[in-house]
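Each remark here refers to the structure printed beneath this line.
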Amino acid sequence: MGPVGALFKWQVSLAKSADKKYAYYFDKPLADYPANMPEFTLVTAVSGNISAMSDEQSVETNAPIAVSPAPDVVAPAPAQRGDVATKAILLRLLDELVANEVGVLQNEDPEHLHDFRIAVRRTRSALGQIKGVFPDRTVQRFAPRFAWLGKITSPPRDFDVYLIGFDELKAGLAEHFRDSIEPLRGFLENHCDFAHGELTRQIHSARYRALLADWRKFLLANCPKNPQAPNALMPIKQIADKRIWKLFRRVLKQGRGICKDTPAENIHELRKTCKKLRYLLEFFRDLYPAEGIDKPIKKLKKLQNYLGDFQDVHARIAMLRGISHEMRKNTTVHTDALLALGVLLANLDNRQSGLRKAFSDHFRPFAHARNRERFRGLFKPCLADNTVECAGSPAGDPVAVKNRSH
């Protein structure tokens, strides 16, 4: 099976069952396939031109095919077993990834790559943070492969962002420097084109096709009745409580450890932990009352916005310093362009210093006692002792439970 939207000849065939319509994607003539298609070739939803086709109609085209993701999956029931609920989340993410593949290859709207990367990051986060629902060998089989996919999408996205923000950076320069900085745009465009070319090559690769095929086959397979994974049968609400509470406490610990002399890498680590927490909150938000979970998510988003700004400036400085060495070696670049680049770097350094000083102003609201009480009331798991605080009970209100070990 080839990737949806790859720039090869594609044949699409529709079949219809009692209540569902399916689309199969082929990268070779239909006659070369068995009569019964493998399960993993199934895409669970189609729209646009494909859904308008009549039953059993086939077309052959060189144009990429637009595929929309499946409708939102039904929210998991609190008591649903962990492996089943997690597979449903991951299958939805796979549909989102595939739905954006065409746009990534066409490279006309950078938001497609952005959404593609988000689907990859969320997949990696689910594999790493919803622990114990799959066998270790399964996680070890797929986690490095999705890490590779995240890595190859990073450079083109970074350069997309740099180019999108170029005019804003240019406007921040004194007027007599603005025209001088234009050669930098050309260097960024060259790097961006190269990065997108490499990504396109990888999406056309057998390695990528095998990842998506293997992953879909795993996700569509029935979960075992007697699983070996320790948390496979655990109710998903219990898993969600435990993981969200643990990550929330990690955010507090990391944030409280940041002071004026803390390396920027520590702030980046906090940002990554916040992102993991945010993904879990979004995966499982329907397990909690909306009026309770909305405020914690809003507080986290505000902190993430600040941390994202800090990281963007930090990464942009590192990138521009690398580009500056490249520009100095290029004999066609005039001195005025290098001077303008130096001013731009100084502006970004000042911006980073200002953001760094504002850390406590942004972290304090998230770590406030009121927000801690919200998280405690929603997510703190019951402990295996006689007196515990449970998620869903009032914050600070001990709940007496009988110790079953006696």
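Summary of values
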{"quantity": "Conditions (1) touching a helix residue (DSSP H, G or I) at 6+ places or on another chain (Cβ under 7 Å); (2) in contact (Cβ under 8 Å) with a residue 24 or more places away in the chain; (3) part of a helix (DSSP H, G or I); number of the one not met by residue 133", "calculated": "(3)"}
{"quantity": "Odd one out for residue 228 among (1) in contact (Cβ under 8 Å) with a residue 24 or more places away in the chain; (2) over 25 Å from the mean Cα position of the chain (by Cα); (3) in a helix (DSSP H, G or I)", "calculated": "(3)"}
{"quantity": "Number of positions in the range 179-190 that are closer than 15 Å to residue 341 by Cβ and in contact (Cβ under 8 Å) with a residue 12 or more places away in the chain", "calculated": "8"}
{"quantity": "Residue check, residue 249 within 23 Å of residue 378 (Cβ to Cβ) and surrounded by fewer than 19 Cβ atoms within 10 Å (Cβ to Cβ)", "calculated": "yes"}
{"quantity": "Residue check, residue 325 of a type outside the set (Val, Ile, Thr) and more than 30 Å from residue 292 (Cα to Cα)", "calculated": "yes"}
{"quantity": "Residue selected from the range 78-89 under the condition touching a residue at least 40 places away in the same chain (Cβ under 8 Å) and of a type in the set (A, V, I, L, M), by the criterion surrounded by the fewest Cβ atoms within 10 Å (Cβ to Cβ)", "calculated": "79"}
{"quantity": "Checking residue 159 against (1) outside any helix (DSSP H, G or I); (2) buried (at least 16 other Cβ atoms within 10 Å of the Cβ); (3) without any contact (Cβ under 8 Å) to a residue 40 or more places away in the chain; (4) of a type outside the set (Lys, Arg), the condition it does not meet", "calculated": "(1)"}
{"quantity": "Boolean, residue 380 is at pLDDT below 95, surrounded by 18 or more Cβ atoms within 10 Å (Cβ to Cβ) and either more than 14 Å from residue 187 (Cα to Cα) or not polar (S, T, N, Q) (or both)", "calculated": "yes"}
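The values are calculated or read from the model by the stated rules, or taken from the named source; none is laboratory data. Please read these numbers as outputs of a predicted model, since none were measured by experiment. Note that we place each Cβ from the backbone using ideal geometry, even for glycine, and neighbour counts take in every protein chain shown.
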